[in-house]
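Beneath this line is the structure, given in structure tokens, with notes to follow.
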Amino acid sequence: MYPSPGIEASNFVSTFNTAFYFIVGVSLFLLVALTVIMLYFVYKYNRKRHAVAEQIEGNTRLEIIWTVIPILLSLVMFYFGWAGWKPTSKAPKDSMNVTSIARMWSFLFVYENGKQSPDLIVPVNTPVKVKLVSVDVIHSLFIPEFRIKSDMIPGRDKTMWFMPQIEGEYKIFCAEYCGLQHSFMHSNVNVMTKEDFDAWYTDTTMVITVDAGAGPGAAGEAIMRAQGCFACHTSDGTKLIGPSYLNLFGEEQVVIRNGTEATITVNDEYVKRSILDPGADITKGYQSGLMQSYRSTLSDEDILKIIDYLKTLSDI
Ligand SMILES: [Cu+2]
């Protein structure tokens with residue numbers, strides 16, 4: 001369940017709401033006032049009452065009024081905007097650090113002890129500083145209920161911070177159009193009590209936080225779900241941006257390597273290379289340059305589990 005809108009889910013909600021409501025209020029007032037004045041003039045100066053137009057030369061007092069009032073209104077809008085934005089630019093020193101890695105089309109959150117999660121899991125009433133990393137194109141991390149949003153630009157160091165104030169689950173969206181499956185790029189923030197968070201954080205039996213079912217390949221499938229692999233690959237034979245995993249392992253594939261065609265067999269080594277160095281071999285018929293390396297987020301052990309999963313999708 002998501003908390004209802006209007007609650008102070010983060011420390012930035014009240015200042016941003018003030019700025020927003022002030023600007024909407026001023027805009028509504030002006031809309032109504034200008035419409036009323038316009039209708040009055042339409043009535044008063046229509047052709048029946050005012051057959052001949054008359055030239056009106058300047059009115060200094062009026063001109064001062066309609067210059068000064070909008071300037072003051074704009075300055076007050078600026079003040080609320082600035083007062084709301086300024087505190088977002090510098091995270092408190094005792095913030096908890098999390099790195100968010102965005103790629104087409106998923107978010108992954110990496111913690112200081114190596115823990116990884118597709119959801120942002122944080123303790124309530126603790127400042128959280130998020131390092132924003134994009135491995136491919138420009139994404140944007142947006143948590144509407146926290147009133148924070150920041151672009152994630154490849155190659156540029158950026159951070160954002162917030163302090164969650166109410167436990168619950170909140171949506172995360174990518175707010176920058178980043179390609180075909182952009183609308184599927186969303187996740188959750190899970191705000192929990194400090195005790196629950198500590199229990200989750202110190203449980204290192206599961207570095208990648210996903211619910212893995214039983215059976216062969218379950219762990220591998222869960223890892224792939226967490227890493228967002230299914231944004232581009234399917235397990236049912238449907239073609240997306242990348243080849244489907246169905247009946248892939250053990251098969252021969254024609255790939256483009258250094259501009260020339262080569263025939264390879266999909267084996268352990270090939271899968272590992274495709275994950276760590278995705279540009280090396282591109283399956284014929286697919287576009288190159290879309291997938292970035294998972295070197296920083298997947299261990300050799302994770303890759304072995306992924307291979308186990310891929311084997312379950314083939315008759316071998
Ligand atoms: Cu995106």
**Prompt:** Considering the stretch 93-139 alone, what residues qualify as being out of contact with any strand residue (DSSP E or B) (no Cβ under 7 Å at 6 or more places or on another chain), open to solvent by 20 Å² or more (accessible area, probe 1.4 Å) and either in a strand (DSSP E or B) or within 15 Å of the ligand (Cβ to nearest atom) (or both)?
**Reply:** M104, V137
**Asked** Within the bounds of the stretch 81-91, is there any residue that is more than 16 Å from the ligand (Cβ to nearest atom), closer than 30 Å to L298 by Cβ, touching a helix residue (DSSP H, G or I) at 6+ places or on another chain (Cβ under 9 Å) and not charged (D, E, K, R)?
**Response** no
**Prompt:** When you look at F20, is it without any contact (Cβ under 8 Å) to a residue 12 or more places away in the chain, surrounded by 12 or more Cβ atoms within 10 Å (Cβ to Cβ) and part of a helix (DSSP H, G or I), yes or no?
**Reply:** yes
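For every residue, the table says whether it meets (1) in contact (Cβ under 8 Å) with a residue 40 or more places away in the chain; (2) part of a loop (DSSP other than H, G, I, E, B); (3) of a type in the set (D, E); (4) open to solvent by 50 Å² or more (accessible area, probe 1.4 Å).
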position: N247; (1), (2), (3), (4): yes, yes, no, yes
position: Q253; (1), (2), (3), (4): no, no, no, no
position: E269; (1), (2), (3), (4): no, no, yes, yes
position: S274; (1), (2), (3), (4): no, no, no, no
position: G285; (1), (2), (3), (4): no, yes, no, yes
position: G289; (1), (2), (3), (4): no, yes, no, yes
position: E301; (1), (2), (3), (4): no, no, yes, yes
position: K305; (1), (2), (3), (4): yes, no, no, yes
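Every residue in the stretch 154-176 that is free of Cβ contacts under 8 Å to residues at least 40 places away in the same chain, assigned to a loop (DSSP other than H, G, I, E, B) and either more than 28 Å from I7 (Cα to Cα) or more than 11 Å from the ligand (Cβ to nearest atom) (or both), please.
Within the stretch 154-176, P154, G155, R156, D157 qualify.
The values are calculated or read from the model by the stated rules, or taken from the named source; none is laboratory data. Note that the structure is predicted; figures quoted are calculated from it, not measured. We place every Cβ from the backbone using ideal geometry, glycine too, and count neighbours over all the protein chains shown. Just so you know, the surface numbers come from the protein's heavy atoms only, side chains and all, with ligands and any DNA or RNA stripped out. Shrake-Rupley method; radii C 1.70, N 1.55, O 1.52, S 1.80 Å.
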